[in-house]
Structures are given as structure tokens and as C-alpha cells.
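Engineer: One structure is given below, represented as C-alpha cells, and several questions about it will come after.
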Amino acid sequence: MPHTKVIEQLKENLQLAYRQALDADARLDELKKAGHAKFSAIFTREQGFKAQGNRFLVYVQELAEELDTLQQADSLSATAIAHFVHKLGTLLQTLQAFKQNAR
């Protein structure tokens with residue numbers, strides 16, 4: 001299948017996001033205990049996410065489910081891939097910014 005390499009690359013990046021989300025969520029837990037992190041959602045619906053949560057793992061879970069759907073498709077839609085890549089990029093950029101600012 002020609003889209004196997006695309007799926008594998010998306011999986012690798014999603015695994016990276018998962019590991020970073022674990023660290024970020026642990027830091028958010030610390031901030032919450034200190035009386036900070038008083039927000040209800042990290043991303044808005046306008047950013048493409050259906051999930052709403054104050055931790056990163058809910059967004060990683062949404063992307064994992066979308067990737068599973070992409071894998072099961074007979075052919076990959078360029079639009080579906082672009083939408084997934086945009087959301088994954090948004091997540092990774094936000095995780096990186098959080099890591100830099102949460103020091």
C-alpha cells in the first residue's frame with residue numbers, strides 16, 4: 001500500500017505527542033495543586049478539535065482515534081490527511097510552547 005509510509009510517519013509523530021502530553025499533563029497537575037491552571041480547555045473547537053479538556057491526553061486520544069479511522073480507510077483522502085496533520089501540528093507546537101514556558 002502506498003500510504004503505509006504516511007501512516008507510519010503520522011504514528012511516530014503521534015507517539016511523540018503522547019510522550020510529551022504525559023509530561024505536560026503531570027506539570028499541569030502540579031500547577032493546579034499550586035492554585036494555577038484554572039482553565040477549562042486547551043484548544044477551542046475552531047482549532048479543529050472535537051474534544052474539550054484541560055489536559056493534553058484527551059486531544060492525543062482524539063487524534064489516535066482519527067488515525068485509526070485513516071488506517072482503516074481503503075484510500076487516504078488528501079483532505080483528511082491535511083486536517084489530521086494540522087491538528088497534530090497544533091498539538092505539538094502547543095506542547096513545545098508549554099514545555100518552554102513551564103520551566
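Engineer: Scan the stretch 10-51 for residues that are among the polar types (S, T, N, Q) and modelled with pLDDT of 95 or more and jot them down.
Structural biologist: Correct list: ASN13, GLN15, GLN20.
Engineer: Still on this structure, I have one more. Within the stretch 61-80, is there a residue that is among the β-branched types (Val, Ile, Thr) and open to solvent by less than 80 Å² (accessible area, probe 1.4 Å)?
Structural biologist: No - not one qualifying residue is present in the stretch 61-80.
Engineer: Let me ask another. I'd like the residue in the stretch 36-51 that is closer than 17 Å to PHE84 by Cα and touching a Ser or Thr at 6+ places or on another chain (Cβ under 9 Å) and, out of all such residues, is most open to solvent (accessible area, probe 1.4 Å).
Structural biologist: Applying the filter and picking the extreme gives GLN47.
Engineer: Anything in the stretch 81-91 that is free of Cβ contacts under 8 Å to residues at least 60 places away in the same chain and open to solvent by less than 40 Å² (accessible area, probe 1.4 Å)? List them, or say none.
Structural biologist: If the condition is that a residue be free of Cβ contacts under 8 Å to residues at least 60 places away in the same chain and open to solvent by less than 40 Å² (accessible area, probe 1.4 Å), then LYS87, GLY89, THR90 are the ones that fit.
Engineer: Additional query: Name the single residue that is nearest to the chain's Cα centre (by Cα) among those in the stretch 35-92 being of a type in the set (Val, Ile, Thr) and within 18 Å of LEU14 (Cα to Cα).
Structural biologist: It comes out as VAL60.
Engineer: What are the residue pairs meeting all of these: first residue in the stretch 8-35, first residue touching a residue at least 40 places away in the same chain (Cβ under 8 Å), second residue among the hydroxyl-bearing types (Ser, Thr, Tyr), Cβ atoms under 8 Å, and 6 or more apart or on different chains?
Structural biologist: ALA21/TYR59
Engineer: Does the stretch 55-71 include one or more residues that are part of a loop (DSSP other than H, G, I, E, B) and at pLDDT 95 or above?
Structural biologist: There is at least one residue in the stretch 55-71 that is part of a loop (DSSP other than H, G, I, E, B) and at pLDDT 95 or above.
The values are calculated or read from the model by the stated rules, or taken from the named source; none is laboratory data. From a predicted model like this one, the values you see are computed outputs, not experimental measurements. Every residue, glycine among them, receives a Cβ derived from its backbone with ideal geometry; neighbour counts consider all protein chains shown. What goes into the accessible areas is simple: the full protein's heavy atoms, side chains included, and nothing from ligands, DNA or RNA. Shrake-Rupley method; radii C 1.70, N 1.55, O 1.52, S 1.80 Å.
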